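Written below as structure tokens is the structure these notes are about.
The values are calculated or read from the model by the stated rules, or taken from the named source; none is laboratory data. Keep in mind that what you see is a predicted model, and the values were worked out from it rather than measured. For neighbour counting, all protein chains shown are included, and Cβ atoms are generated from backbone atoms with ideal geometry for every residue, glycine included. The area values use the complete protein model at the heavy-atom level, side chains included, leaving out ligands, DNA and RNA. Shrake-Rupley method; radii C 1.70, N 1.55, O 1.52, S 1.80 Å.
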Amino acid sequence: MDNAYLKGVIEEIFYVWGEPIDIEDLSKIIVDANKNQIKAALLEMIDERENGDSGLLIKKFNNSYQFTTRAEHDKYFTNLIKSSEKKLSTSALETLSIIAYKQPITRAEIDKIRGVRSQSTIDNLLDRGLIKENGRLDKIGKPIIYITTDLFLKYFDIKDLSELPEIKEAEDNLYEDQ
């Protein structure tokens, strides 16, 4: 498959799909190219968009990729997009941060850290797609294990969990604000 044609197909998939998609899934869709060809074309596209004038960038979230806009263009979209999605509550942010730093983790472990029941907050985070169930522990009651999702990375605009701030760094910033 011609490289320019392949790039066009990848762009169209990003446009139509609208969510992060990984190379594995791209290779199942683009059967005329192998994973290495797709990855090479994708890396070229990322570089071309980063160094060019295109308004659409390709951003990596863990092992998935998606079209995004340039941050400096956000001011043009404020009147276009009226976000109806509610922001995360303090309890949701607290629970989400516990899951992000301690994953995989059970509800009982989250409850113990928070000191309150977290089931409704966990249900809310599951509904939003920020966390997901990742199996069950082989213990009495077979408790569900929770982890964060690629949507979590997208929501907080980070590539992977290694970009989370160090806990000591976060504590230092907390005390500096007081």
- Meets criteria (open to solvent by 50 Å² or more (accessible area, probe 1.4 Å) and at positive phi) for ASN62: yes
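This table checks each residue for (1) out of contact with any strand residue (DSSP E or B) (no Cβ under 9 Å at 6 or more places or on another chain); (2) at pLDDT 95 or above; (3) not in a helix (DSSP H, G or I).
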site	(1), (2), (3)
GLU12	yes, no, no
VAL16	yes, no, no
GLU19	no, no, yes
ARG49	no, no, no
LYS59	no, no, yes
HIS73	yes, no, no
LEU88	yes, no, yes
SER91	yes, no, no
ILE99	no, yes, no
- Determine if segment 45-56 includes at least one residue that is hydrophobic (A, V, I, L, M, F, W, C), closer than 30 Å to ASP127 by Cα and in contact (Cβ under 8 Å) with a residue 24 or more places away in the chain. no
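Scan segment 133-145 and give yes if some residue there is outside the structural domain of PRO20 (by the TED database) and open to solvent by less than 30 Å² (accessible area, probe 1.4 Å), otherwise no.
To start, the set of residues in segment 133-145 that are outside the structural domain of PRO20 (by the TED database) comprises 133-145.
Then drop every residue that is not open to solvent by less than 30 Å² (accessible area, probe 1.4 Å), which leaves 145.
Yes, because at least one residue in segment 133-145 is outside the structural domain of PRO20 (by the TED database) and open to solvent by less than 30 Å² (accessible area, probe 1.4 Å).
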- How about segment 21-36: which of its residues are assigned to a helix (DSSP H, G or I) and either of a type in the set (Gly, Ala, Ser) or open to solvent by 70 Å² or more (accessible area, probe 1.4 Å) (or both)? GLU24, SER27, LYS28, ILE29, LYS35, ASN36
